[in-house]
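The values are calculated or read from the model by the stated rules, or taken from the named source; none is laboratory data. Computed from a predicted structure; not experimentally measured. Cβ placement follows ideal geometry from the backbone for every residue including glycine, while neighbour counts extend to all protein chains displayed. Keep in mind that these areas ignore ligands, DNA and RNA; they rest on the heavy atoms of the full protein, side chains included. Shrake-Rupley method; radii C 1.70, N 1.55, O 1.52, S 1.80 Å.
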Amino acid sequence: MFRLAPIFSRLSVRAFSSATASQQSVSKDALMKLRKRTGYSYVNCRKALLQFGDNNIAEAEKWLREVAEKEGWAKAAKVGGRETTEGLLSVYVDENMAAVVELKSETDFVARNDAFKQLVEEITMTVHEFGKTRRAHMLKFGEENFKCRIDKGLLPFDHLKFSIEENLESLPTLKNRTVKEALAMTIGKLGENITITKAEIHLSPPGFMLRGHAHPKDGTEKMEMGRFISLVGIQRTESCSNFPTEKLAHQLCQHVIGMDPKEVGSPETEEDKQQKAEKLKKIAEQAKAERKAAGIDDDDDFGTSYNNEDEDQLLRQSFMLNPSQSVHEYLTNHGAKLCSFVRIKLGEEETKD
């Protein structure tokens, strides 16, 4: 979360109103061109052209951006203490690495604004680019710190997560400005406090690919955004199915968001099924004895309560799109293996296993 120092309030200069008109009119073509290049209002673009002239678009653009930045910092300092409860989560995946960002605003109205979504994309891509430069180092870290697993023939790790919120504000974005500058300028434009509450890099082990999904699906052409996101680490172990891996991973991501598992768990064995049946039988007999002692007619069906641990284990859950199969059975039928999943809801701590 960024807290912008009050010192920036000294930059609250209404520079847009200080343009000195060196000409009385501007051409329509120059006005349209400057408006398209900067995205600023016609009024402010006209003021810039009046000051610098129709033939000096570059200087007019530079002046507009400098003024916008000053006003952005001033606005950011003014609204910096306001609570942010709305916003969006984003996910961008590249092979076995994913960038996840949570950007929060004061209202849902701003969270649905295109400028806000563009800021989410800009910051997410910055996290992704940072992750690309550190990917080899992070994988080495995972292998070195989990060597005991490798010695046992296991994967070095199921999932790695690195949070970079503290280092984020000074990183350059693909728009040639820092994250801190991008944040301040968007605050100045939208007029609400905006905070970055998550900036994470997720890695799956070698041989597994990560795939992500957001719900309800929103965002930009480049990435998905929503109030929920999920990630799954998946590997195709056999070519026993022509079902596309991308679609399989997407279905699993949907399942994770919808069914909210707490852990990957383990496949159900025949012994597990037998123990479950015995447990259910015992519970039913106990409930029957209690009803008899209470003088309740045994023909009345009050049901029995049973805490099914399978409901929290992803591999044992009934697959949302095909309830006749467990998730493990569905994966096995498609020659696939799952190593981990992540589920994040806006404003809440993530579920990861």
Neighbourhood net charge (11 Å Cβ-Cβ; Lys/Arg +1, Asp/Glu -1) for residue 257: +3
Taking N as the residue count of the stretch 88-230, its alpha carbon Rg divided by 2.2 N^0.38 Å gives 1.12
Excluding residue 234 itself, what net charge comes from residues whose Cβ is under 9 Å from its Cβ, given Lys and Arg +1 and Asp and Glu -1? +3
At a threshold of 8 angstrom on Cα-Cα distance, excluding pairs fewer than six apart, so keeping six or more, what relative contact order does the stretch 91-249 reach in percent? 32 percent
Pop a pseudo-label 7 angstrom from the Cα along the beta-carbon direction at both residue 135 and residue 66 and give the gap in nm to one decimal. 4.0 nm
Would you mind checking the pairs 75/222; 161/262; 33/62; 47/180; 132/189 and listing those with alpha carbons more than 21 angstrom apart? 75/222; 47/180; 132/189
For the stretch 311-353, what % of the accessible area comes from carbon and sulfur atoms, probe 1.4 Å? 40 percent
Find out how many positive minus negative residues lie around residue 218, taking Lys and Arg as positive, Asp and Glu as negative, among other residues whose Cβ is under 13 Å from that of residue 218. -1
In nm, to one decimal, how far is the modelled label at residue 290 from the one at residue 29, with both set 7 Å along Cα→Cβ? 8.5 nm
Note down the relative contact order for the stretch 29-76 as a percent, whole number, built from C-alpha pairs under 8 angstrom at least six residues apart. 33 percent
